[in-house]
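Everything on this sheet refers to the single structure shown next.
The values are calculated or read from the model by the stated rules, or taken from the named source; none is laboratory data. Because the structure is a prediction, the values reported are computed rather than measured. Glycine gets a Cβ as well: all are built from the backbone with ideal geometry, and neighbour counts include every protein chain shown.
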Amino acid sequence: MNKRWSIGLGAVLFAVAASMGVAQAQPIKIAFLSSLSGPFTPWGIQVRDGMKLAISEINAAGGVNGRQIELVERDDRNNANEGVTAFKYLVEREGIVAAGGIISSDVGLAVAREAEAQQVPVFLTMSGADTILTKKSRYTFRTCLPAAPMSIDYMAGLIKDKHYTRVGVIVADYAWGHALRQAVEKQIKTMPGVKVQIEVAPVPERDFTPYLRKLQAMDPELLIATGHPPGNVTITRQAIELGMKAQIIGPWYPTEFTVERVGELMYGRFVDYSCVDFENAAYQNLAAKYHAATKRLLDNNALSGYAIVKMVAQSIASTKSTDPKTVATAIRTGRFQIDGYAWPLSYTEWGEMKEAAPILYTYEKGAAGKMNPGASWRPKVVFRSKATQPYVPGE
C-alpha cells in the first residue's frame with residue numbers, strides 16, 4: 001500500500017472513530033412537557049424541579065452508560081394543540097428518549113395520541129381522565145394520579161369507613177372533571193343510603209360561592225373538590241368561610257401551595273390524596289435534598305418528575321439502548337422502587353399503574369423537620385388505601 005494512501009486512510013479511520021466517540025458522548029435527552037403558565041403552573045414547576053433533582057443525582061454519579069442526561073423543557077401552556085406541537089418538536093428536532101410531567105387531562109389526551117403515533121414514551125403526572133389510555137396504548141404511562149374510576153374507588157372506601165351519607169361534588173368543565181363526575185355517578189351515587197349532589201363550574205372560575213350555596217341546602221358531610229384542581233384552594237377557603245362543616249377532599253393539589261393559599265383555616269378540615277409517603281425515611285432524606293435546592297417541599301408532582309427520570313434512566317441502563325421503543329417496553333415490563341413513593345411503579349400493557357395505593361393526608365401545626373425546614377406545619381397521614389384493581393379501558 002502506498003505510504004501516502006496508508007496515512008490518508010489512517011486519518012479517515014481516526015476521524016470516523018472520533019466522530020463515533022463524540023456521538024456516543026452526546027447527552028441523553030429527556031423532556032419536561034407540562035404547564036409553566038396557566039392554572040396548572042404550581043404543578044408544573046414542581047414536576048420540572050423533581051426531574052432536575054433526579055438528573056443532577058444521575059449525572060453526578062457518572063450518567064447512564066457513560067452519558068449525561070439533559071433536560072429539555074417545553075411549556076404546554078395548558079393547551080392541547082400547544083402540547084402536541086411541543087411534543088412533535090421534541091421528538092423530531094430534539095431527539096428525546098421520553099417526555100413527562102403532563103398535568104391537564106385535555107393536554108394528556110391529545111399528547112398521548114401523538115406519543116402512540118410517534119412511538120415515544122410520555123408520562124402523565126396527573127391527567128387522570130380514563131379516556132387517555134386505551135387497550136392499544138403502549139407508550140403512555142401514568143405515574144401519580146390513577147385513572148378517575150380508581151380515584152373514586154378510594155373515595156368510596158373513605159365514605160364507607162366514615163359512614164358518610166351526604167356528599168357534595170364540584171367538578172370542572174373539562175376532561176378530568178367530567179371523568180370524575182361520571183365515576184361519582186357510577187360508583188358513589190349508587191351506594192345505598194348516600195345522597196350525592198354535583199355542581200359543574202368552568203375551569204377558570206374564581207368565585208365558587210354560588211355553587212357552594214347550592215350544596216349548602218343538603219349540608220354535605222364530605223365535599224369532593226377533586227374534580228376541579230385549579231379551583232381547589234378557593235373552594236376550600238370559601239366553603240369554610242360560608243360555615244360549611246364538611247370534610248373537604250382535594251385533587252392531589254401541590255401540598256405547599258395549599259397552605260400558602262388557604263392558611264390555617266384548613267388544618268384538620270382539608271384532606272388530599274398522595275403518591276408520596278410522608279412518613280417514609282427515604283422520602284424525608286430525598287425531601288431534604290429537594291428543599292436544599294428549591295426551598296420547597298417535595299410533593300406529589302416533584303416526586304413524579306423524579307420518578308420519571310429514574311425509570312427512564314434505569315431502563316436505558318438495563319437495556320443499553322436509548323431507542324424509545326426499547327425504553328417503553330422496559331418501562332411496561334419493569335417494576336420500579338422509587339424512594340418515598342407510596343407504592344412500586346409497575347404497569348399493565350396499556351400503561352395503567354398495577355399497584356396504586358394512595359395515601360390520604362391532612363395538615364397539622366408543628367415542625368416538619370428536615371423535609372421542610374422552618375415550616376410551622378406538616379402533612380399528617382390519616383388513611384392508607386389498599387391497592388385497587390387497575391382500570392381497564394373500554395376499548
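Of note:
- Tallying residues that are surrounded by fewer than 24 Cβ atoms within 10 Å (Cβ to Cβ) and either modelled with pLDDT under 95 or polar (S, T, N, Q) (or both) within the stretch 111-129 yields 2.
- Some residue of the stretch 259-272 being assigned to a helix (DSSP H, G or I), surrounded by fewer than 18 Cβ atoms within 10 Å (Cβ to Cβ) and not charged (D, E, K, R): yes
- Yes/no for Pro254 being in contact with a Gly (Cβ under 9 Å, 6 or more places away or on another chain), at negative phi and touching a residue at least 12 places away in the same chain (Cβ under 8 Å): no
- Candidate set: the stretch 166-193, residues that are closer than 22 Å to Thr236 by Cβ and in a loop (DSSP other than H, G, I, E, B); chosen: the one modelled with the lowest pLDDT: Tyr174
- Against the criterion of being more than 21 Å from the chain's Cα centre (by Cα), surrounded by 20 or more Cβ atoms within 10 Å (Cβ to Cβ) and among the aromatic types (Phe, Trp, Tyr), Tyr164 qualifies.
Here's the yes/no breakdown for (1) surrounded by 21 or more Cβ atoms within 10 Å (Cβ to Cβ); (2) assigned to a loop (DSSP other than H, G, I, E, B):
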| position | (1), (2) |
| --- | --- |
| Ser321 | no, yes |
| Glu349 | no, yes |
| Tyr361 | yes, no |
| Ala375 | no, yes |
| Val382 | no, no |
| Lys386 | no, yes |
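- Candidate set: the stretch 96-110, residues that are assigned to a loop (DSSP other than H, G, I, E, B) and in contact with a Lys or Arg (Cβ under 9 Å, 6 or more places away or on another chain); chosen: the one surrounded by the fewest Cβ atoms within 10 Å (Cβ to Cβ): Val97
- Take the conditions (1) crowded, with 24+ Cβ neighbours inside 10 Å; (2) at pLDDT 95 or above; Arg93 misses just one of them, which is (1).
- Filter pass, Ser127 being in the same structural domain as Thr329 (by TED's automatic domain parsing), closer than 22 Å to Ile331 by Cα, in contact with a Lys or Arg (Cβ under 9 Å, 6 or more places away or on another chain) and of a type outside the set (A, V, I, L, M): yes
- Of the candidates Phe40, Phe14, the single residue that is of a type outside the set (D, E, K, R), at pLDDT below 95 and assigned by TED's automatic domain parsing to the domain that holds Thr322 is Phe40.
- Residue check for Ile159: β-branched (Val, Ile, Thr), modelled with pLDDT under 95 and out of contact with any helix residue (DSSP H, G or I) (no Cβ under 7 Å at 6 or more places or on another chain): yes
- Residue satisfying condition, being modelled with pLDDT of 95 or more, within 20 Å of the chain's Cα centre (by Cα), part of a loop (DSSP other than H, G, I, E, B) and more than 22 Å from Val120 (Cβ to Cβ), within set Ala356, Ala287: Ala356
- Selection count where residues are closer than 20 Å to Ala183 by Cβ and in a helix (DSSP H, G or I), scope the stretch 199-231: 5
- A single entry from Glu260, Glu264, Glu256 fulfils the requirement of being of a type in the set (D, E, K, R), more than 24 Å from the chain's Cα centre (by Cα) and in the same structural domain as Ala172 (by TED's automatic domain parsing): Glu264.
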